[in-house]
2 protein chains.
Amino acid sequence: MTERLAQIVGPKHVLTGSDAEPFSRDWSGRYRWSPKAVVRPGDTAEVSKVLKLANDAGCPVVAVSGNTSVSGGTTADGAIVLSLSRLNKIRKIDPHTQIAVVEAGVILSNLHDAADAEDMIFPLTFGARGSALIGGCLSTNAGGSNVLRYGNTRDLCLGIEVVLPDGRIMDLMSELHKNNTGLDLRHLMIGAEGTLGIITAAVLKLHPKPKAVATAMIAPRDLRVALEVLNKLNDATGRGVDAFEYMPRSHIEGHLALSKGAREPFEDRHEVNVLLEVSSTRPVDAQVDADGTTALTGLLEAELARRLETGDIADAVIARSEAQRREMWERREAAAEVAYTREPRVDSDIALPLDKVAGFFDEAMMRLRSLDPEVSNISVTHLGDGNIHYCVYPSRDDETLKDGIRETIEQIVAESGGSFSAEHGIGVHKLSTMRRRKDEVALDVMRAIKTAIDPKGILNPGKVFPARN
Amino acid sequence: MTERLAQIVGPKHVLTGSDAEPFSRDWSGRYRWSPKAVVRPGDTAEVSKVLKLANDAGCPVVAVSGNTSVSGGTTADGAIVLSLSRLNKIRKIDPHTQIAVVEAGVILSNLHDAADAEDMIFPLTFGARGSALIGGCLSTNAGGSNVLRYGNTRDLCLGIEVVLPDGRIMDLMSELHKNNTGLDLRHLMIGAEGTLGIITAAVLKLHPKPKAVATAMIAPRDLRVALEVLNKLNDATGRGVDAFEYMPRSHIEGHLALSKGAREPFEDRHEVNVLLEVSSTRPVDAQVDADGTTALTGLLEAELARRLETGDIADAVIARSEAQRREMWERREAAAEVAYTREPRVDSDIALPLDKVAGFFDEAMMRLRSLDPEVSNISVTHLGDGNIHYCVYPSRDDETLKDGIRETIEQIVAESGGSFSAEHGIGVHKLSTMRRRKDEVALDVMRAIKTAIDPKGILNPGKVFPARN
């Protein structure tokens, strides 16, 4: 097999033994595996040949992009690991049609840079942008902190090229904004975590680069009011809110304890702290007054003054310099660091209907305390899209207790019509939750589709689809 | 069968013979058929029972909404016609979370009214809004004239409830903005034209109602410049352009000839005429000056003045009253009437990559003239999303000539990476085009999915999936 793979991609692009080591574990070290071989095809035709070979032999294939999964999405014991990293060409950046055409191995931050050079943005962004590849973003329908305004990865994608398990190449590389010609296979492949086909290229939407940005910290009266404030701000700025990130007091204190030089966001202490950012492409919003304040900042100021008056918010600070803005963002982006300082820990990545977010925190603590009276938590929430990264610290490292915590959170999420995986996908990590919590009929339909498209089950086996009960 | 259907839905909701007549033809009279019976279930449970009965008997079922298809999407010879019209409850309109929960039989314009009462909009709109039902909009992923800003129907839908061919109910009624839990079955069902399951309810996104609207006719120098002008206007208004509709001189003249009291849009005659509308939720944009002009109109005026100066546009008129605005929209909305005055005629509903639209018209006329030197055309184009309603008049009523015209248009569309069905779907009308022009591998995957989900092939048979060559 190794020899025949070498004939397709060239011997130096087939890695085995110690050379395969970087492809034998996830970035966190939580999962480890022994691949049969790592193969690095140079183009779509080679991907096709590798899959045909593997499918004929019934050999599993796991596609890997930047290896930044947090769900064990690319464990690959005994499988061919297919790395997309050599398919790294940005084929086109067109500011006129606001489109980028890229190969699956392009690093997300490289696409950011290429778009920026044309005065455009590709809005998808998150912590791992320097190593995550576009193919992985598409396969997991990655989220991040701009979903509120620009949508998830699937909302930023017009077309894809996919290699099917048997090596056939499916050309859905459309640049079209309207196209109703049968079943939407693009959306089926996006988010399928490499279980139905391997995405090799994509047509992506670009957006114009904002000309003005304004950033603030506010303290809404409570979480119920916070959503109201978000709607008002969106109306006042013409849907200009890019980010609306909730940090409870516990996060602020965790950050103060962790980080030298960290400061309180306000003079007074508040339970509800929100980082918000608005931006605009309007040249009039970028006009600067005598104080050096942009019109957009003035608009935000006026709106926040109104909310202070009504009592919707108790406090507000607008960043007056890039340094102040950076300080606000650093507080938010330290979230993983702040959360990971303590053990034992149970993480989650949940989404709730927007009107259920406010009630979640009290309900969760109430139920969790009945399992463990000394339990505590820390969290950050993309409040605009209902996605809560909720992290629980039990008082003792007990697997039964941790399982109980997981199931309790799952149960509240299920009762609220929420999702047990907002943006991290299923992989192997959430297979058992998927079996317990996903609509049974939907699971059956997913399995039927998997069998129809990948009858030999060679693509990323053991992920996404739980075995039947 | 009729008796058993009556046991499920009640005898007065099973129609046969002359009572079934309104469900035995499409609205245009182009297609006619003889259904076995028409059944009107009152809720999802009854839909489920009807499908189980039909599936066990191997009897075809065709779901019908408002019967406004232009592609013969609901022809139903010998089939049970399943009308969704009694599932007509609007369950929730929530301006706080900006969500509507509706049943599939809700009339689109009823949802418009209900949203309006809460100071919200459901942006999807098109000519047939007074009879089209939400279920049909979802099943065909309907487009319309606001796609540029708000997307197609699928972009406005967060969740659906679907009854599968065997009667099982699949609950995907999510209100979530982030949810990565396996294959995206929502997007698979949307646009499937009732061939995989029957959508019975949906969670839809609402948007805040704009506080200011400004409408104008402009004459861009040429179509290449028009897209540039659109981008500039979108930047200047913060992505505020709702509509950007191109009408060539031939449409203007057709409208003048057809409509008493119709007037020229400008003093001079121009080849490229564009109706544009911008809107804003910003209260500051709704502020009125001494002349009664809103700030948004002032912004549009300033931007158009700049474009007149650079020569990007040759002429511009801004509507100064609701009457003037209506006159502009009536000219555009007369499109079907203008096009349908002449016979013989070949219609099309194509989409092109945005940078291919400008070249299409010359290329098409050049090639069509080699088939018929006296051929002429008329068209309207949603320029912001590349969707051209292109209507050709051959000099004689000859089926071979008309087929030649169809294939010529298809060929140019294929060469440009375009779509032969932008927003009207496949139905039976475009089955042969689907066979000729759709990616072969994609067709195979579609057929495999159809067989996996509807193994007996009872749902809307003979649509969407062309037989193998």
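The values are calculated or read from the model by the stated rules, or taken from the named source; none is laboratory data. Keep in mind the model is a prediction, meaning the values are calculated, not measured. Glycine gets a Cβ as well: all are built from the backbone with ideal geometry, and neighbour counts include every protein chain shown.
Do we find a residue being on the phi < 0 side of the Ramachandran plot, surrounded by fewer than 22 Cβ atoms within 10 Å (Cβ to Cβ) and of a type in the set (S, T, N, Q) anywhere in the stretch B:185-207? Looking through the stretch B:185-207, none of the residues is on the phi < 0 side of the Ramachandran plot, surrounded by fewer than 22 Cβ atoms within 10 Å (Cβ to Cβ) and of a type in the set (S, T, N, Q). Hey, any hits in the stretch A:365-373 for a residue that's over 23 Å from the mean Cα position of the chain (by Cα), within 14 Å of chain B (Cβ to nearest Cβ) and over 30 Å from A:LEU296 (Cβ atoms)? Looking for residues that are over 23 Å from the mean Cα position of the chain (by Cα), within 14 Å of chain B (Cβ to nearest Cβ) and over 30 Å from A:LEU296 (Cβ atoms), one finds none in the stretch A:365-373, hence no.
Screening B:THR44, B:THR68, B:THR16, B:THR74 for residues that are without any contact (Cβ under 8 Å) to a residue 60 or more places away in the chain and of a type in the set (Ser, Thr, Tyr) leaves exactly one candidate, B:THR16. Name the helices (runs of 4 or more DSSP H) wholly within the stretch A:376-469 that hold at least 1 residues that are at the interface with chain B (Cβ under 7 Å from one of its Cβ atoms)? Correct list: A:431-437, A:440-453. Check whether at least one residue in the stretch B:359-370 is touching a helix residue (DSSP H, G or I) at 6+ places or on another chain (Cβ under 7 Å) and not in a helix (DSSP H, G or I), and report yes or no. The answer is no, given that none of the residues of the stretch B:359-370 is touching a helix residue (DSSP H, G or I) at 6+ places or on another chain (Cβ under 7 Å) and not in a helix (DSSP H, G or I). Determine whether the stretch B:196-209 contains at least one residue that is within 21 Å of B:ALA115 (Cβ to Cβ) and small (Gly, Ala, Ser). Yes, the stretch B:196-209 has at least one match. Annotation note: Cβ proximity below 8 Å between a residue of the stretch B:170-191 that is under 15 Å from B:LEU156 (Cβ atoms) and within 7 Å of chain A (Cβ to nearest Cβ) and a residue that is assigned to a loop (DSSP other than H, G, I, E, B) and among the hydrophobic types (A, V, I, L, M, F, W, C) (sequence gap 6+ or interchain) occurs for B:LEU176/A:LEU352; B:LEU176/A:ALA422; B:GLY191/A:LEU183. Only one of the listed residues (A:ASP235, A:ASP242, A:ASP222) is at the interface with chain B (Cβ under 8 Å from one of its Cβ atoms) and among the charged types (D, E, K, R). That residue is A:ASP235.
Scanning the stretch B:12-47 for residues that are out of contact with any helix residue (DSSP H, G or I) (no Cβ under 9 Å at 6 or more places or on another chain), more than 21 Å from B:LEU164 (Cβ to Cβ) and of a type outside the set (Phe, Trp, Tyr) yields a count of 13.
Scanning the stretch B:243-260 for residues that are modelled with pLDDT of 95 or more and not hydrophobic (A, V, I, L, M, F, W, C) returns B:GLU245, B:TYR246, B:PRO248, B:ARG249, B:SER250, B:HIS251, B:GLU253, B:GLY254, B:HIS255.
Pairs meeting the criteria (first residue in the stretch B:98-119 and on the phi > 0 side of the Ramachandran plot, second residue of a type outside the set (Asp, Glu) and outside any helix (DSSP H, G or I), beta carbons under 8 Å, at least 6 apart or on different chains) are B:GLN98/B:MET120; B:GLN98/B:LYS205; B:GLN98/B:LEU206; B:GLN98/B:HIS207; B:GLN98/B:PRO208; B:ASP119/B:PRO95; B:ASP119/B:PRO208; B:ASP119/B:LYS209.
Residue check: A:ALA79 meets all listed conditions (1) within 30 Å of A:ASP347 (Cα to Cα); (2) at pLDDT 95 or above; (3) touching a Leu at 6+ places or on another chain (Cβ under 9 Å) but one, namely (3). Cβ-Cβ contacts under 9 Å between residues 6 or more apart (or on different chains), taken from a first residue in the stretch A:146-160 that is within 11 Å of chain B (Cβ to nearest Cβ) and without any contact (Cβ under 8 Å) to a residue 60 or more places away in the chain to a second residue that is among the acidic types (Asp, Glu) and assigned to a helix (DSSP H, G or I), are listed as A:GLY151/B:ASP155; A:ASP155/B:ASP155.
Can you say whether A:SER48 is under 17 Å from A:LEU84 (Cα atoms), of a type outside the set (A, V, I, L, M) and buried (at least 20 other Cβ atoms within 10 Å of the Cβ), as far as the supplied structure shows? It is true that A:SER48 is under 17 Å from A:LEU84 (Cα atoms), of a type outside the set (A, V, I, L, M) and buried (at least 20 other Cβ atoms within 10 Å of the Cβ). I'm checking my understanding of the structure. Among residues of the stretch A:267-276 that are touching a Lys or Arg at 6+ places or on another chain (Cβ under 8 Å) and charged (D, E, K, R), which one is nearest to the other protein chains (Cβ to nearest Cβ)? If we take residues in the stretch A:267-276 being touching a Lys or Arg at 6+ places or on another chain (Cβ under 8 Å) and charged (D, E, K, R), then A:GLU271 is nearest to the other protein chains (Cβ to nearest Cβ). The set of residues from the stretch B:282-318 being surrounded by fewer than 21 Cβ atoms within 10 Å (Cβ to Cβ) and part of a loop (DSSP other than H, G, I, E, B) comprises B:GLN287, B:ASP289, B:ALA290, B:ASP291, B:GLY292, B:THR293, B:GLY311, B:ASP312. Among residues of the stretch B:20-33 that are within 15 Å of B:GLY78 (Cβ to Cβ) and modelled with pLDDT of 90 or more, those with a Cβ under 8 angstrom from a residue that is outside any helix (DSSP H, G or I) and among the β-branched types (Val, Ile, Thr), sequence gap 6+ or separate chain, pair up as B:ALA20/B:VAL38; B:ALA20/B:VAL81; B:PHE23/B:VAL38; B:PHE23/B:VAL64; B:PHE23/B:VAL81; B:TYR31/B:THR75; B:TYR31/B:VAL428; B:TRP33/B:THR75.
When we screen A:THR125, A:THR195 for residues that are facing another protein chain (nearest Cβ under 10 Å) and of a type in the set (S, T, N, Q), the only hit is A:THR195. Residues that are of a type in the set (Gly, Ala, Ser) and under 10 Å from B:ASP312 (Cα atoms) were ranked within the stretch B:219-245; the one that is nearest to the chain's Cα centre (by Cα) is B:ALA226.
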